[in-house]
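The values are calculated or read from the model by the stated rules, or taken from the named source; none is laboratory data. Here the structure is a predicted model, which means the values were calculated and not measured. No Cβ is skipped: glycine too gets one built from the backbone with ideal geometry, and neighbour counts run over all protein chains shown. Ligands, DNA and RNA are excluded from the accessible area calculation, which covers all protein heavy atoms including side chains. Shrake-Rupley method; radii C 1.70, N 1.55, O 1.52, S 1.80 Å.
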Amino acid sequence: MRKEILAAITINPELVGGGIPIFIAQDRAEQDKIATYLARITEGVVHDLENGVYVLARH
Amino acid sequence: MDYITPTAAGVALGTLARYIMLRSDYRQYPTYPHGAVTHLSLGFIGAALGAVAIPALLEKDFAAISFLSLAATQFRDVREMERSMLSSIEHSELVPRGPDYIEGIARVFEARNYLVIIIALLVSGFTAYTNIGVGILVSIIALFFANKLMKGKVVGQIAKVREGEVRFEGPQLFVDDIHFMNLGTEETRQTVLSRGLGVIIEPLDDNARATLANSGQRQAIAHEASAQVGVYRDVDTAEFMPISRRDLDTGRIGLIILPIEKDIECLIEAVKRTPVLESAMAKPLKSKTGRGASD
C-alpha cells in the first residue's frame, strides 16, 4: 500500500506550504470539523502534528 | 479378483473424508452450498483417482497409474481457484485477510485433496488385500492422523494473550507501553477510548517472537478477531481499522480493535484461536546460530 499525505488542515497557515491542498481553519473546533469531513470523503486518517497542523494521510 | 468393492469403498470413504474435513474448520470461509458442492465434487474425483490406483497396479495397468500425475495438476488448480476467489473479494472486506492468510487457506484446500487421494488409496488397497471392515478401520485411523497432523498451531499455543490498557498521550495512541499511531481530532480519540479494546500478545519463546513479527500473521489475527467480535467501522473510517504494532525491545505484539461486542474475553479467545500461518512460522531456535543468539 502506498502511503501519502492528502491534505493539511491548519490553524497556523504559516507552518504549512508546498504541493498539498491546505485548508485553513479559524479555530480548533472548525479544524476538527473540516478534518473529519475530509477524512470521510477521502477515506484517510487524520494525524495531529501538535503544532496546530493536522495532516490527512491515506494508509 | 473383484475390484468393485475396494474401488467403491475407496471412493465412498475418500469422499466422506473430504466432507468431514470440509466441516472441521469453521475459519476457512463460510462454506456456502455452492462452495461445498465444488469441493465435494473435487474430493470425489480425488477419491476416485486414489481408489483405482491399487486395483490398476494389481492388473498391471501402468497407464492408469500415470493418471495420478494428472491429479497433481488438477489439484494445483484448486489452490489457484481459492487464491483468486479470496483475493478478488479481499477489497470488499472491512478488515482484509492479507495475502499470507489467503495463501495459507488456499494451500490447505489443495492439501486436503491430496489427503483424500491418500485415504482412498489406503482404503482400496487394504480392502483389496483383506476385507471391507479393515478398509473402514484404516480410513478412520488415516482421517484421525490427517486431522491431527494437519491441524497446525494456533496463536494461543505460542504466546500468552492478555488485555492491555488503551490510552492516549496527547494524540499518541498506546496499548500499555506499545505505541500505535498518532490520531487527530478529539472525537476520534474519544471513540477509540470508549469503544476500543487492547490486547497484548507475549511470545513464549524466540521462535514465537519471530513468527509473530510477520505482518501477514498479524493481519490474520486482526481479521480473525474482527470476524468474531465484529468491527466498529465502515469503509470511510480508516482510523478505526484494527492495527497491530510490535514492541521492538521485547517482540511483544499489541493489537487494538474497536469491536461491536465489547467483550474482552471473547476477543482474547478469538486471538488465541487464530491459526499460525505456515508462511509466517519461523524457527530460529532450530539453528545453532539462532540458539546462540538467543542467550
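Things worth noting here:
- P(r) weight above 25 Å for segment B:156-285, C-alpha pairs, percent: 21
- Within the accessible area of chain A (1.4 Å probe), percent carbon and sulfur: 56
- The radius of gyration of the Cα set in chain B, together with its Dmax, comes out at 23.5, 81 angstrom.
- Shown here for segment B:36-86: GluC sites (Glu not before Pro) in loop regions (DSSP other than H, G, I, E, B) with at most 16 other Cβ atoms within 10 Å, namely B:E59.
- Separation of the alpha carbons by more than 23 angstrom is noted, of B:K148/B:K262; B:K153/B:K286; B:K160/B:K283; B:K151/B:K286, for B:K148/B:K262.
- Along each principal axis, taking the top coordinate minus the bottom one, the Cα set of segment B:39-108 gives 55, 18, 14 Å in descending order.
- Amide N proximity, segment B:279-295 versus B:V154 label position 7 Å along Cα-to-Cβ, cut-off under 13 Å: none
- Separation in nanometres of the label points that stand 7 Å from Cα toward Cβ, at B:I89 and B:L57: 3.9
- For segment B:166-196, the residues whose backbone nitrogen is under 15 Å from a point 7 Å from the Cα of A:I20, taken along Cα to Cβ, are B:182-185.
- Shown here for segment B:47-126: trypsin sites (Lys or Arg not before Pro) in loop regions (DSSP other than H, G, I, E, B) with at most 11 other Cβ atoms within 10 Å, namely B:K60.
- Placing pseudo-labels 7 Å out from each Cα toward the beta carbon at B:L68 and A:E4 gives an inter-label distance of 5.4 nm.
- Calculated FRET efficiency for the pair A:K33/B:F144, C-beta based, R₀ 56 Å, to 0.05: 0.35
- Using only the C-alpha atoms, the convex hull of segment B:52-153 corresponds to 103 Å³ per residue.
- Carbon + sulfur, % of accessible area of segment B:156-285 - ligands and nucleic acids excluded, 1.4 Å: 46
- Taking every protein chain into account, the accessible area of segment B:4-151 amounts to 52 square angstrom per residue (probe 1.4 Å).
- Calculated FRET efficiency, B:I132 to B:Y19, Cβ-Cβ distance, R0 = 30 Å: about 0.95 to the nearest 0.05.
- In plain terms, chain A is cut at each of the trypsin sites (Lys or Arg not before Pro) found in a DSSP loop with at most 15 other Cβ atoms within 10 Å, and the longest leftover piece is A:4-59.
- Bins of 10 Å, starting at 0 and running to the largest distance - Cα pair percent for the protein assembly as shown: 5, 20, 23, 20, 15, 9, 5, 2, 1, 0
- Taking 14 Å as the straight-line reach from the Cα of B:K272, the aspartates and glutamates in range (excluding those fewer than 8 positions away in the same chain) are B:E163, B:E202, B:E224.
- Averaging 1/r across all pairs of distinct Cα atoms in segment A:4-58 and inverting the result yields a Kirkwood radius of 10.8 Å.
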